[in-house]
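Derivation of every value follows stated rules applied to the coordinates shown; laboratory data play no part. Source: prediction; values computed, not measured. No Cβ is skipped: glycine too gets one built from the backbone with ideal geometry, and neighbour counts run over all protein chains shown.
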Amino acid sequence: MTPLQLLSTIKPELRPKSVFKRIMFRIIDASPKVKGRTLEFIKDLKKEKHACEWALKLAQLLITNDNSWQKTESWTDKRGSKVHEYGKTTSALKHEQKIAIAQEANIDQKPDTPLLLATKHNCPEIVEEILKVYPQAVEHVDKEGHNILHLAILHRRLAIIDVMENMEYPLQRLRGRLDKKYNTLLHMVGLKANDLEDEVKDPAKQLKDDQRLYKRVAKISTTVDLMTRNSDMKTPQEVFFETNDKHREEAKRWMSENAKNCSIVAVLIATVAFTSAYQIPGGNNNGHPVLKGKPMFLLFALADAVSLSSAFTSVIIFLNIVTSPFRFKDFESSLYEKQLAALILLIISVAMMMVAFAATLVLTVSNNATWTNLTLYVVSFFPVFVFVYEYIQVYSKIIVDFWSMLKNMKVKVVLMFHDIWDYKRQSLHSVSGFVHLPTGSLV
């Protein structure tokens, strides 16, 4: 392997991924030698920036002077009709078979080109730099006839698909291409590489991601690709349904069990919140709360009301999920979003119930001593802090998914109102030159 091929397989970080690192890289210099007293994380950021910059320079240098595709030529597409074997002698056939076996063995020993290796190992920066220098490299295929888009979809390299979509020339060259088994880009969505089997995802999320990818690839594919059959005589949709039918069953079982368990928790929380609303801290005086004027009572009332409302709403959504038929189009439309919204409401309900408990404890036990109140605040709100700390990662994932769901809903609403606004009623008058034929006439 050449140095560029080796660099493409180790997935170097040429540019920082997080927004915080990008901002810090603009502020600090890239000198690895730190003079004077500096914070430890600043030293690490300086070293990391230095490594990223020199890795990018190395990649650009190797790409500019690379000739690995001359040594490791792309495998040409050998589909199509073959010469009929009628009339050939047995010895000639055996000789050709030996030559074919030797050629295949030689092909298997060749490594892929740097562009294909960078695609398999998810190095979008190297892919982008290669295509800037050598746009004709998009013609490279591996021994299975897969081009860069085939591999990006097969290995679920979404960042590389983004790079290809932003480049008009490579995208136009690869639309409608087939591999040696006549698989289109849409066929590859139904397939999946072996290295993705170790990824741990819930079945509903995995199925939803595959459906989004299918829609995305369908937009950049040709119309013929939707109807093309591969060597197994299957269309892209048939391959997708057959591959994901197992995921659909797993997602159905997983979502049903989660919805049932979460609905039980939501009902318990709603019961406690409903009871707390009628047994308020401090009691009543002729129907009016005794502690009505205190700020903590207002916090208790708001937290209890939000907890009760969120719990009831989540129960309704969970019941809707349990009674769903769990078809492919249900997962594609809103089934996963419903579960996401119900989980968010359940988390809000639990958090508000903890806040209501803390406010009740402060109202009933507090006295005028400052240290007593401070101790009560710490003890009362401690479960809230523990809850937030334990679920902070879940919060971040849920917020990101919920935000993307809102963006998709916004796009759908805008398109819907755009269609309504641009609607033009068809004229009821006959078109000029239209010939009215008698009933039963055949044109």
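Things worth noting here:
- Net charge over other residues, Cβ less than 13 angstrom from the Cβ of SER221 (K, R count +1; D, E count -1): +3
- Approximating the spin labels as points 7 Å out from Cα along Cα→Cβ, the LEU268-to-ASP162 distance works out to 4.1 nm.
- Ranked by the mean number of other Cβ atoms within 10 Å per residue, highest first, peptides 120-126, 131-137 order as 120-126, 131-137.
- Averaged over residues, the count of other Cβ atoms within 10 Å places the peptides 41-51, 205-215 in the sequence 205-215, 41-51, highest first.
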